[in-house]
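The values are calculated or read from the model by the stated rules, or taken from the named source; none is laboratory data. Small disclaimer: the values here were computed from a predicted structure and weren't measured. Cβ atoms come from the backbone with ideal geometry, glycine included; neighbour counts cover every protein chain shown.
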Amino acid sequence: MSHRPAWAPDDIDLERPAPARMYDYYLGGSHNFAADRELAEKALGAWPELPQIARGLRAFLRRCVTFLVEQGVDQFLDLGSGIPTAGNVHEIVSALNPRARIAYVDSDPVAVAHSKLLLKDTPNARIVHADMRDAGAVLTDPALDGFLDLSRPTAVLMCAVLHFVPDSDDPAGVVAAYREATAPGSYLAVSHGTRDYLPEQIRNLQEVYSRSSAPMTFRSHAEIMDLMQGYELVPPGLVDFILWRAETPNPLPDPLGGDVTRYSGYAAVGRRDE
């Protein structure tokens, strides 16, 4: 039986690995359990670059959120936000617009518990404990009542989460539900793993994640484009995530040498015009 740390909610299964806590492990965090670390090590055996990919995804998040604030967006709904780490959305946004509001959503009890602790003195940010696949439950949660005004433009962030939504759960329908709930002028930001480059490694990683609480579904460029129907993509469109509005020159050297195949993920930001 695994030892339950003092910070672990009582209702969490310590023996079942969760992607949010595995991701925390890749980033060097400490809010993970033995089962998470054990499966994460197997994932690293299948794809050793996962820590670099995780950091690259955080860099994309910073670039896209900065872009959205520059477009005048002051409301953010971060779906599947995960465990708090450096460079969270509210930290990025508050440095640019201290009045902006950020709502985080996650189904992992550890992520929610630590978000509540992190945000207790941050009035412009809140956390909702819900499954992002149920847009109705998310958007009617009491924590959001009077906090986000969905009649005004809102940025919906689905960063590194849609590949945890299998086809059987209708990911296009999930995206559409949030699109229909937000006003014209709202945005959607997506990053998503792809099977376009390294199919054998992808199969190996999927096999590992099949033993977690949320198996992975990698999709092609065309399939990810289909998920963004109803949005007009801003330049440069749906591209390898390390290339989306990449900083030139890059202030930090790329640990994977700019090899998009080793990152195997796309990203895009789209605007709802009607």
Pairs, first more than 18 Å from ASP36 (Cβ to Cβ) and at pLDDT 90 or above in region 105-128, second surrounded by fewer than 17 Cβ atoms within 10 Å (Cβ to Cβ) and aliphatic (A, V, I, L, M), C-beta under 9 Å, six or more apart:
ARG126/ALA143; ILE127/ALA143; VAL128/ALA137; VAL128/ALA143
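Taking region 232-253 as the region of interest, how many residues are out of contact with any strand residue (DSSP E or B) (no Cβ under 9 Å at 6 or more places or on another chain) and surrounded by 15 or more Cβ atoms within 10 Å (Cβ to Cβ)? Don't jump to the end; show me each part of the working.
Filtering region 232-253 for residues out of contact with any strand residue (DSSP E or B) (no Cβ under 9 Å at 6 or more places or on another chain) gives 235, 246-253.
Filter again for surrounded by 15 or more Cβ atoms within 10 Å (Cβ to Cβ), leaving 246.
Of the residues in region 232-253, 1 are out of contact with any strand residue (DSSP E or B) (no Cβ under 9 Å at 6 or more places or on another chain) and surrounded by 15 or more Cβ atoms within 10 Å (Cβ to Cβ).
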For THR217, only one of the following conditions fails: (1) closer than 30 Å to GLU15 by Cα; (2) touching a residue at least 60 places away in the same chain (Cβ under 8 Å); (3) surrounded by 16 or more Cβ atoms within 10 Å (Cβ to Cβ). What is its number?
(2)
Of the residues in region 94-104, how many are surrounded by 21 or more Cβ atoms within 10 Å (Cβ to Cβ) and either at pLDDT below 95 or under 17 Å from ARG21 (Cβ atoms) (or both)?
1
Among (1) in contact with a helix residue (DSSP H, G or I) (Cβ under 9 Å, 6 or more places away or on another chain); (2) part of a helix (DSSP H, G or I), VAL156 falls short only on (2)
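Is it the case that TYR197 is surrounded by fewer than 21 Cβ atoms within 10 Å (Cβ to Cβ) and either aromatic (Phe, Trp, Tyr) or within 15 Å of the chain's Cα centre (by Cα) (or both)? Walk me through how you get there before you give the answer.
On the way: surrounded by fewer than 21 Cβ atoms within 10 Å (Cβ to Cβ): yes; either aromatic (Phe, Trp, Tyr) or within 15 Å of the chain's Cα centre (by Cα) (or both): yes.
In short, yes.
So, in region 29-46, exactly how many residues are surrounded by fewer than 19 Cβ atoms within 10 Å (Cβ to Cβ) and either hydrophobic (A, V, I, L, M, F, W, C) or part of a helix (DSSP H, G or I) (or both)? Steps first, answer last, please.
Step one: filter region 29-46 for residues surrounded by fewer than 19 Cβ atoms within 10 Å (Cβ to Cβ), giving 29-30, 34, 37-38, 41-42, 44-46.
Subsequent filtering for residues that are either hydrophobic (A, V, I, L, M, F, W, C) or part of a helix (DSSP H, G or I) (or both) retains 34, 37-38, 41-42, 44-46.
Residues in region 29-46 being surrounded by fewer than 19 Cβ atoms within 10 Å (Cβ to Cβ) and either hydrophobic (A, V, I, L, M, F, W, C) or part of a helix (DSSP H, G or I) (or both): 8 in total.
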Within region 105-142, can you find the residues that are among the hydroxyl-bearing types (Ser, Thr, Tyr) and either assigned to a helix (DSSP H, G or I) or within 18 Å of THR66 (Cβ to Cβ) (or both)?
SER115
Filter result (outside any loop (DSSP other than H, G, I, E, B) and within 18 Å of ILE202 (Cα to Cα)) within region 235-266
ASP240, PHE241, VAL260, THR261, ARG262, TYR263, GLY265, TYR266
What about ARG262, is it surrounded by 19 or more Cβ atoms within 10 Å (Cβ to Cβ), within 26 Å of ASN32 (Cβ to Cβ) and either touching a residue at least 40 places away in the same chain (Cβ under 8 Å) or not small (Gly, Ala, Ser) (or both)?
yes
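When you look at GLY82, is it out of contact with any Leu (no Cβ under 6 Å at 6 or more places or on another chain), at pLDDT 90 or above and at positive phi, yes or no? First the steps, then the outcome.
Working: out of contact with any Leu (no Cβ under 6 Å at 6 or more places or on another chain): yes; at pLDDT 90 or above: no; at positive phi: yes.
No, not satisfied.
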Of (1) hydroxyl-bearing (Ser, Thr, Tyr); (2) more than 24 Å from TYR266 (Cβ to Cβ); (3) buried (at least 18 other Cβ atoms within 10 Å of the Cβ), THR122 satisfies all except one. Which?
(3)
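Where residues in region 58-85 are in a loop (DSSP other than H, G, I, E, B) and over 14 Å from the mean Cα position of the chain (by Cα), which of them is surrounded by the fewest Cβ atoms within 10 Å (Cβ to Cβ)? Full working, then the answer.
If we filter region 58-85 for residues that are in a loop (DSSP other than H, G, I, E, B), which is where we start, we get 71-74, 80-85.
From what is left, the residues that are over 14 Å from the mean Cα position of the chain (by Cα) are 71-74.
On the way: GLN71: 13, GLY72: 9, VAL73: 20, ASP74: 19.
Restricting to residues being in a loop (DSSP other than H, G, I, E, B) and over 14 Å from the mean Cα position of the chain (by Cα), the top hit is GLY72.
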Going through region 157-176 one residue at a time, which ones are touching a residue at least 12 places away in the same chain (Cβ under 8 Å) and either more than 27 Å from SER210 (Cα to Cα) or surrounded by fewer than 16 Cβ atoms within 10 Å (Cβ to Cβ) (or both)?
PRO166, ASP167, ASP169, ALA176
Among (1) closer than 18 Å to PRO166 by Cβ; (2) surrounded by 17 or more Cβ atoms within 10 Å (Cβ to Cβ), the one test that ASP226 misses
(2)
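Within region 232-254, which residues are in contact with an Asp or Glu (Cβ under 8 Å, 6 or more places away or on another chain) and either more than 10 Å from PHE60 (Cβ to Cβ) or of a type in the set (Ser, Thr, Tyr) (or both)? Steps first, please.
Step one: filter region 232-254 for residues in contact with an Asp or Glu (Cβ under 8 Å, 6 or more places away or on another chain), giving 232, 242.
Hit for region 232-254 is GLU232, nothing else.
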Among ASP131, ASP108, ASP121, ASP78, which is the only one that is of a type outside the set (Phe, Trp, Tyr) and over 26 Å from ALA214 (Cβ atoms)?
ASP121
